[in-house]
1. Estimate the FRET efficiency between Thr70 and Leu50 by the formula 1/(1 + (r/R0)^6), using the beta-carbon distance for r and 35 Å for R0, to the nearest 0.05.
2. Where the convex hull is taken over the Cα atoms of segment 75-147, what is its projected area averaged over directions, in nm²?
3. Grab the Cα-Cα distance for Arg151 and Val123, subtract it from 0.36 nm times how many residues apart they are, and report the gain in nm with one decimal.
4. Once you put a point 7 Å from the Cα of Leu133 and another 7 Å from the Cα of Ala107, both along the Cβ direction, what distance in nm separates them?
5. If R0 is 41 Å, what FRET efficiency do you get for Ala34 and Ala144 from their C-beta distance, rounded to 0.05?
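All of the numbers you see were taken from the coordinates with simple rules; none came from a lab. In this text, all values refer to a predicted model and were calculated from it rather than measured experimentally. Every residue, glycine as well, gets a Cβ built from its backbone with ideal geometry; the counts of neighbours run over all protein chains shown.
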Amino acid sequence: MPELAPIHRPMLADAAPRPASAAPRFALQQGLRAGLAAGALAALARAAGLFEPARVVAALPELCLFHRLTGLDCPGCGMTRAFLSLLRGDVPGALHLHPFSLPLFAAILFAAFAPPALRGRMVRSRVGAALQLLALAALLAWWAQVKLLPRLS
């Protein structure tokens, strides 16, 4: 009986690298722009006296699962009210509600409107990763000192 040649099945390492799809990044950027446009419209409606954001927030159910389960504020508690203060132009009020609201808002603006090449370099670079870790560490340190430890003692 003649010997058959083994069948070669390419492993993942043998396969040609696929180009990363730009669709998820495009969708994220479009979503950020749509959210910012909605925020701008809300700010205009607020300025025209058509609605009061505080009433809208007060009417919302409590969405924070961490707060529901533990009774403690999460690291993001106050961020919605802070963003609404930013929409009203009340920067000191926003910083009082959550000190990370202004940097986060700036990061959202950067993600929505920065040129894709610059945004991609920042996300993939070691500097970008280090900045993200530093921001997360600062947020958690602030939360532990200001929100968590006073409630536990």
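1. On the way: r = 37 Å, r/R0 = 1.06.
Given R0 = 35 Å and the Cβ-Cβ separation, E is 0.40.
2. Numbers: hull surface 20.5 nm².
Approximately 5.1 nm², given one-decimal rounding.
3. Full-extension gain reported as 6.5 nm.
4. It is 1.5 nm.
5. Working: r = 34 Å, r/R0 = 0.84.
After rounding to 0.05, the efficiency reads 0.75.
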